[in-house]
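Step one of this worksheet: look at the structure below.
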Amino acid sequence: MKKETYIYILAVLAFCFIIIYSILSKTFYYIADSATSIIVITILFLLYHKFNLNKTIFILIFLAMLFHNLGIFGFYGNSPFPFPYDNLTHFVGGFSLSIFFINYIKTFFKKSRTEKAILILIAVLAALGIGSIIEMTEYIGYLTLGQGEGFLYFGGTGDVTGDYNLGGAWINSSVDMLFNLIGALSGLIVYFIYKRLLQIFRKINHKS
């Protein structure tokens, strides 16, 4: 069995655990989120080679969705870190998505500096685009389903910063997008540093 299969099985089991925990704890908001995560990770697994995935990127996408779904344990309202948990989830989301996109679309580009710049821009915009879709989904969910946790709702403990009348919800969305951007740029920096170090090590090994 290939390593990506083990990662996939682990991911499905993790999301199934969250669904079961949601039912037992009668906190139903994250059932839809976890079910959606299973669908997304399954699509990525089935199209693993089509998307030019590798184990590291597959794990990053899994972790991005897992961190969000761990909100079932109240982390959005009571962060286990010295900073808001919501900021972490958006950072990791932007980080993993930018690496996913740049690794996939690089196969359609050559290696000129201009095309590399275009590639970076597309990767960042694509990552921010997914983040924007999630924000719009929360807003649509708020209009149709009301307040609550998870990406189908808005107004939960991770969504509101300050008083609504003082622009709390607007500030939250802006901060979310900011951390999506910071995560995306950080992901690209790490990606290119890794690729550069890999080239250096290969040259050293080739000479030796």
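Neighbour counts of C-beta atoms inside 10 Å place R202, R113 in the sequence R113, R202, starting with the fewest. Sorted on the mean count of surrounding Cβ atoms within 10 Å across their residues, most packed first, peptides 66-74, 193-201, 51-59, 124-132 read 66-74, 124-132, 51-59, 193-201.
Given R0 = 25 Å, the distance between the Cβ atoms of K195 and S132 translates into a calculated FRET efficiency of 0.35.
Bear in mind that the values in this text are calculations on the coordinates, not laboratory data. Since the structure is predicted, the reported quantities are computational estimates derived from the model, not experimental observations. Don't worry about glycine lacking a Cβ; one is built from the backbone with ideal geometry, like all the others, and counts go over all protein chains shown.
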